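The values are calculated or read from the model by the stated rules, or taken from the named source; none is laboratory data. Everything quoted here is computed from the prediction, not taken from an experiment. Note that each Cβ is placed from the backbone with ideal geometry, even for glycine, and that neighbours are counted across all protein chains shown.
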Amino acid sequence: MLDFHDPVSSLSHLIMAAWAVVAALILTRLTLGQSPGRRLAIAGYGASMVFLYLASGLFHGLNYENLQTLPVFHGYDQKELFYLFRNIDRSAIFLLIDGSFAPPFVYLLLGRTRVACFAAMGTLTVVGLAALWLLPDLPHAATVGVYFGLGLVGMIPVRSYLRKLGWPGAKWILALAVAFTIGAVCEAANWPVIVPGWFGSHEILHISDMAGTLIHFIFVVRFLVAPNMKRAEPESDHQSATKWADAHSSSEREGVRS
């Protein structure tokens, strides 16, 4: 079913899908013991990574003529299958951007600011998904516009990020924004074409997405999850003495019984 007609795009993102599964499991393990809200945000972020790279790898690698032979796709022609998987791919991009900003919102924002950012991000995501699936053919420029809009919403509370993280942490968010922006600009401009038919603006978008994902994963682990992991408190001398006394008393009682 796979012919890898877009070899760079399909293979790179299928490899990233496998990496994303491992990354999601690592994040899940690291957040054990944290609040349900934080764990939910991390789970959503991990799931959005896996979904995006799997959807994209399949979209760029499937042979749609052979796909028609599967019973589940009976009645679809090649063009319909192409548009179906293209819309799944674009939907996954919306969800990845949304999911990527969920951890910063939960860990770094409070009160109305957090609610407002989640509401704006969720509303734009739902509008983008509805337009993508309900309109006959959403213009590509409009799709890219939603990408930009979601990224902009995520960067609105940048002052809160700076206040909580300082420059050492905020620069990782800036690097993420730069990586995604480079890819989106190249995709919108359909430039450059480095190797016709093999490596052009869309492949640059894919590489930018991968770079942004790796940057964001490091940021989430280093600046959000790790500082909030529960660590065992060292025992005080009093606690150690109490434990020793309890153990000593228990052994004495056992000796008396025997």
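Miscellaneous remarks
- Residue, nearest to the chain's Cα centre (by Cα), within region 201-249, restricted to residues that are at pLDDT 55 or above and small (Gly, Ala, Ser): 212
- A single member of 85, 59, 101 is touching a strand residue (DSSP E or B) at 6+ places or on another chain (Cβ under 7 Å) and free of Cβ contacts under 8 Å to residues at least 60 places away in the same chain, and it is 85.
Okay, residues lined up against (1) in contact with a Cys (Cβ under 8 Å, 6 or more places away or on another chain); (2) under 17 Å from residue 96 (Cα atoms); (3) among the β-branched types (Val, Ile, Thr):
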site	(1), (2), (3)
121	no, yes, no
125	no, yes, yes
131	no, no, no
137	no, no, no
142	no, no, no
147	no, yes, no
155	no, yes, no
171	no, no, no
175	no, yes, no
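- Checked against the criterion of being part of a helix (DSSP H, G or I) and more than 20 Å from residue 146 (Cβ to Cβ), region 84-97 contains not a single residue that satisfies it.
- Total residues in region 80-124, condition buried (at least 17 other Cβ atoms within 10 Å of the Cβ) and either of a type in the set (S, T, N, Q) or at positive phi (or both): 3
- For region 1-25, residues that are over 16 Å from residue 199 (Cβ atoms), of a type outside the set (Phe, Trp, Tyr) and in a helix (DSSP H, G or I) total 11.
- Residue in region 157-201 that is farthest from residue 226 (Cα to Cα), counting only those that are of a type in the set (Gly, Ala, Ser) and not in a helix (DSSP H, G or I): 197
- Residue satisfying all of: in region 186-218; without any contact (Cβ under 8 Å) to a residue 12 or more places away in the chain and not small (Gly, Ala, Ser); nearest to residue 140 (Cα to Cα) among these: 190
- Inside region 43-99, residues that are among the hydroxyl-bearing types (Ser, Thr, Tyr) and more than 16 Å from residue 15 (Cα to Cα) make up a count of 6.
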